[in-house]
């Protein structure tokens, strides 16, 4: 029988620009797992780390950005991980960064871009991810004062992740993180419908060019 684990975080980076909410998505390189896939930020909470530490470290390592605020999206994404025979419950978070911060991509990525809600959902492969973007857009579009009830105190002292069910139980220490960094394409299909992603040739809308136009 599958075990139930919660050692993954789903993180959606957003900014408010000209009274609009925009989401930062990353596109994977052609020579890595799940080539050309657009994704948000996903990571495993390693043993000894806390959820908030993982959120901030993930955004910094994948995009070189510092988080200025963390919000609970009030939503749990779930998927089946066949490698661990586990149902994984991944809490969803929205994080705010400075609108003009330069992006420094991690090694596995070829592009990054800011998208509005509809553009972002058109590029994400699973319904759970698209739902998360729509939900976060609704919350954050209320305005800073109204969305403040979802904000998490970043100085909160949290318990650290314990070893049970962690990646240390696997033969390949990188298996879970690598799969989920690729938006868990192999496992999330059990709870979300995959769609064909258009080859949109998005180089003209890269994050650096988006920043230059703002």
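The values are calculated or read from the model by the stated rules, or taken from the named source; none is laboratory data. Since the model is a prediction, treat every value here as computed from it, not as a measurement. Cβ sites come from the backbone with ideal geometry, for glycine too, and all protein chains shown count toward neighbours.
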- Query: Which one of these is modelled with pLDDT under 95, under 22 Å from residue 140 (Cα atoms) and surrounded by 15 or more Cβ atoms within 10 Å (Cβ to Cβ): 84, 15, 20?
  - Reply: 15
- Filter segment 143-173 down to residues that are modelled with pLDDT under 55 and part of a helix (DSSP H, G or I) and give me whichever is nearest to the chain's Cα centre (by Cα). 167
- Message: I'd like to check something: does segment 70-78 contain any residue that is assigned to a loop (DSSP other than H, G, I, E, B), at pLDDT 95 or above, surrounded by 14 or more Cβ atoms within 10 Å (Cβ to Cβ) and within 15 Å of the chain's Cα centre (by Cα)?
- Response: no
- Do the conditions hold for residue 144, that is, is it within 19 Å of residue 11 (Cβ to Cβ) and surrounded by fewer than 20 Cβ atoms within 10 Å (Cβ to Cβ)? no
- Item | Any hit, segment 43-56, residues being assigned to a strand (DSSP E or B), within 16 Å of the chain's Cα centre (by Cα) and surrounded by 21 or more Cβ atoms within 10 Å (Cβ to Cβ) | yes
- Query: Looking at (1) within 24 Å of residue 162 (Cβ to Cβ); (2) modelled with pLDDT under 95; (3) touching a strand residue (DSSP E or B) at 6+ places or on another chain (Cβ under 6 Å), which is the one condition that is false for residue 47?
  - Reply: (3)
- Message: For the list (1) crowded, with 16+ Cβ neighbours inside 10 Å; (2) more than 14 Å from the chain's Cα centre (by Cα), I need the number of the one condition that residue 98 fails.
- Response: (1)
